[in-house]
Amino acid sequence: MITRDEWHAIIKKQIAIQELWSLNLRDAVNNSRTGNLKPEQVSDDTACSFGMWLATDEAKNAIGLQEQFDNIVNLHKTFHTCAADLLRLVSSNDALNASAMLEPTGMYTIASTNLTDSLRSLICETTSNEVSAYTKRNDLDSL
């Protein structure tokens with residue numbers, strides 16, 4: 001079982017990776033080239049380090065509720081699908097639609113934000129649960 005600090009580190013690393021993806025994809029759109037980013041590879045949500053980790057029992061146990069776990073897995077899959085779709089648009093020289101995906105209401109931005117927000121909420125829940133458990137222990141001590 002991983003510690004709270006290890007769990008928070010995993011989530012924070014994933015959030016940082018999401019931000020890096022956004023920069024790389026924006027660069028791909030602005031320069032009309034995908035570089036070494038291939039849509040076929042990017043679409044595989046199990047190929048990245050977070051996707052590989054999500055496939056483990058450790059991830060399932062760390063996230064806790066099956067509903068939360070399934071939500072993170074689905075959001076992560078959607079993120080990869082949108083990133084691959086954006087790269088396909090860049091590859092086909094469709095800069096207008098590729099740029100639209102990066103707008104605040106664009107599909108990539110929404111997918112990235114939804115995943116990042118869900119990951120951040122897991123950090124808040126973990127911290128909140130620990131505070132709640134600490135408060136309950138201290139309440140019992142005062143009786």
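Estimated translational diffusion coefficient (Stokes-Einstein, Kirkwood radius over Cα pairs, 4 °C, 1.567 mPa s) of the range 4-138: 82 µm² per second.
The long axis of helix 107-141 is offset from the longest Cα principal axis of the chain by roughly 10 degrees.
Ordering L119, G106, M52 by Cα displacement along the dipole of the range 4-138 toward the positive end leaves L119 in first place; charges were set at the Cβ atoms of Lys, Arg (+1) and Asp, Glu (-1). Expressed as an acute angle from 0 to 90° and rounded to the nearest 10, what is the orientation of the C-alpha long axis of helix 4-31 relative to the principal long axis of the chain? Approximately 10 degrees, to the nearest 10.
Local charge for K12 was computed over the other residues whose Cβ lies under 12 Å away, with Lys and Arg +1 and Asp and Glu -1, and equals -1. Taking other residues whose beta carbon is less than 12 angstrom from the beta carbon of D94, and scoring Lys, Arg as +1 and Asp, Glu as -1, yields 0. Considering only alpha-carbon pairs that sit under 8 angstrom and 6 or more positions apart, the relative contact order computed for the chain is 29 percent. Helical runs (DSSP H, four residues minimum) scored at -39500 (n - 2.57) apiece and divided by the length of the chain put the mean residue ellipticity at 222 nm at -26500 deg cm²/dmol. For the chain, the longest principal axis of the Cα atoms and the long axis of helix 66-91 meet at an angle of about 20 degrees.
Counted by neighbouring Cβ atoms within 10 Å, the residues D85, D44 run from fewest to most as D44, D85. Legend: ranking of residues R88, R33 from fewest to most surrounding C-beta atoms inside 10 Å; resulting order R33, R88. Estimated at 0.36 nm per residue, the fully extended path between D57 and N93 surpasses their Cα-Cα distance by 8.8 nm. For F50, F79, F69, the sequence from fewest to most other C-beta atoms within 10 Å is F69, F50, F79. If you count Lys pairs in the range 4-138 whose Cα atoms are under 24 Å apart, skipping same-chain pairs closer than 8 places in sequence, the total is 7.
Throughout, read-outs are computed from the coordinates displayed, never taken from laboratory work. Being a predicted model, the structure only gives us computed values, none of them experimental. So basically every Cβ, Gly included, is an ideal-geometry build from the backbone, and we count neighbours across all protein chains shown.
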